[in-house]
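Scroll down for the structure; my scribbles are underneath it.
Just so it is clear, none of the values below were taken in a lab; they were calculated from the coordinates. The structure presented is a predicted model; accordingly, all values stated were derived computationally and were not measured. Here the Cβ is made from the backbone with ideal geometry for all residues, glycine too, and neighbour counts use every protein chain on show.
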Amino acid sequence: MEIATKLAPLALALIMLGLGLNLTVHDFIRVIKIPKNFFVGFFCQIILLPIVALFLAILLNLPAELALGLMLIACAPGGVTSNILTKFADGDVALSITLTAIISLVSIVSVPFIMLASIDFFEVGKVNEISMLSISLKMFFVVTVPVMIGMVINHFAKDFIEKHNLKIQKISVILFSLVFLAIWVEEWNNIINYILSAGLVVLILNVSMMIIGFYVAKLFISGVAQQRCISIECGLQNGTLALVVGIQFFGESVQSYIIPTAAYVLVMMLTSLIFVFIVKRNS
């Protein structure tokens, strides 16, 4: 996966720049104004998603490599396509943007913490010796800094950004797709094995979290638009970020651990499109 591993950090930085270009201070103030909506989504994605992944890994007695790969995609923040699909599903796009942005920023702490805990739990010894501070700093430069730069550009060139917003979103989706297209091309001979070994567990994780997210939101939030948003946020993860973090932890052995991420990306797009079709049909 030489091409993918070299492309991923640059692609992630540009994707996060694209996210920042669509953010304003008001997206963060919204958390204060409507805290319940945000914290329900935050709880589902930061707390419930890794717990469900851990439960599945133990229940299905997954090999350590697959278990860690599952935890890797589970602790990643929402993907760049979640905002677009939330819009298609007539969900709360503003809430989706806020959740994606803040959880992405929080991920520079939450992802290393969850991964280091998972490595200890599954007793995997063949990983790079790396501290939480070290990986958080590396994530800061490819996640937080590009978002901040994007917000500054948006502040000074708001009209230009609004005019070209759709193009910016398309570029982010293309970059995301290119990374995983590179993985699938380089690992074409192993694709069937990847799907057979990780397909079922990532499908269960993805579908169960979309259902859990929807009904947890329904329990605590009255709006249908917010329920749809949180369901999609729970189902769509940032696979590019998961790959970048995986490279930091596992180095040249990342191929063994990235299988669930590669499989999850395929599954999440399919299930999310089905979800959008169902909710649009029932609207």
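Some points to look at:
- The length gained by stretching the chain between residue 26 and residue 163 to full extension, at 0.36 nm per residue less their Cα-Cα distance, is 47.4 nm.
- Cubic angstrom per residue, convex hull over Cα atoms of the chain: 121
- Candidate lysines - alpha carbon under 19 Å from residue 218, same-chain residues fewer than 8 apart omitted: 36, 87, 280
- Cα centre as origin, Lys/Arg/Asp/Glu Cβ charges: segment 2-282 dipole, Debye: 960
- Multiplying the residue separation of residue 277 and residue 256 by 0.36 nm and subtracting their alpha-carbon distance yields 4.2 nm.
- Average silhouette area of segment 137-283, convex hull of alpha-carbon atoms, in square nanometres: 11.4
- C-alpha center-to-center spacing [segment 7-50, segment 141-172] in angstrom: 14
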